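Heads up, the thing below is written out as structure tokens.
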């Protein structure tokens, strides 16, 4: 075990306190971590930020590494990632609904290094990623966490109509084959080299798509995504107010003045494959 308060020069903060609540930059803390696991974590984060269009962040907040409880946290071999802060942007994991592309770009590269990655759709993990090395990196159809990730990227990155339920069935298999063909990847996904290539290409494509999410028009669409995710009893009222705002003549004119920077998925895939 060793004690750290930064990873590759990026300060590690804790933001789960009344004075430093979740979603803020929190405060820098010391954490105990297994030395071998630290090396994997360093390598994984270096690859994430080498590809991320936002570059190296200023702060990473974590909910914990070594925790006195059973499991990988009790050995200092697990990491809970709450949020990442750059100078003018942030990824807070609880905000997946309107940061899907950036979130899934990061997760794709994390999965190249960690056999266990529990994400927003995994029970009790909406507000952080849990990563550990207790199993090898590979794709298993029986794995709920791996299938959730696969279905999430098929739906939110590749635009496929698929149910995200963590169960690998005929629909998931058929759509996966279609996307693999589009990416020029051999099947099946259960072959490790194919899975790793899929993770790598998907991470790069997701990051490219995330770059289109910062215009006022896209931010407005992100707000609509958040409203759609609200409970029914609140959604209708908020949606009516949002529609009243967007339908107003002056607002509509203001929004149409901004260029729609939606990336063409086929063009993005072609660019990534030819890089």
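For residue 18 and residue 2 in one chain, what is 0.36 nm times their gap in residues minus the Cα-Cα distance, to one decimal in nm?
Values: separation 16, 0.36 × 16 = 5.76 nm, distance 2.77 nm.
Full extension from residue 18 to residue 2 adds 3.0 nm.
FRET efficiency for the pair residue 69 and residue 43, taken as 1/(1 + (r/R0)^6) with r the Cβ-Cβ distance and R0 = 30 Å, rounds to 0.70.
Ordered by the count of other Cβ atoms within 10 Å of each Cβ, fewest first, 210, 134 give 134, 210.
Springs join every pair of Cα atoms under 10 Å in this Gaussian network model of the chain, and among 240, 171, 151 the largest mean-square fluctuation is at 240.
Relative to the current alpha-carbon distance between residue 94 and residue 140, full extension at 0.36 nm per residue lengthens the span by 13.9 nm. Computed on the chain, with alpha-carbon pairs under 8 angstrom and 6+ residues apart, the relative contact order is 14 percent.
The listed peptides 57-64, 200-207, ordered by packing as a protection proxy, come out as 200-207, 57-64 (highest mean of other Cβ atoms within 10 Å first). For the chain, the gyration tensor built on C-alpha atoms gives an oblate shape. Its axis ratio a/c (a ≥ b ≥ c) is at least 1.5, and a/b is not larger than b/c. Distance between the modelled labels on residue 181 and residue 243, one decimal in nanometres: 3.9 nm (7 Å Cα→Cβ projection). Between residue 229 and residue 10, what is the FRET efficiency for a Förster distance of 35 Å, r being their Cβ-Cβ separation, to the nearest 0.05? FRET efficiency, residue 229 to residue 10: 0.70. Per 0.36 nm of contour for each residue apart, how much would the distance between residue 25 and residue 211 grow if the chain were fully extended, relative to their Cα-Cα spacing? Net length gain for the segment: 64.7 nm.
Values in this text are rule-based calculations from the coordinates and carry no lab data. Because the structure is predicted, anything quoted here is derived from the model rather than measured. Cβ sites come from the backbone with ideal geometry, for glycine too, and all protein chains shown count toward neighbours.
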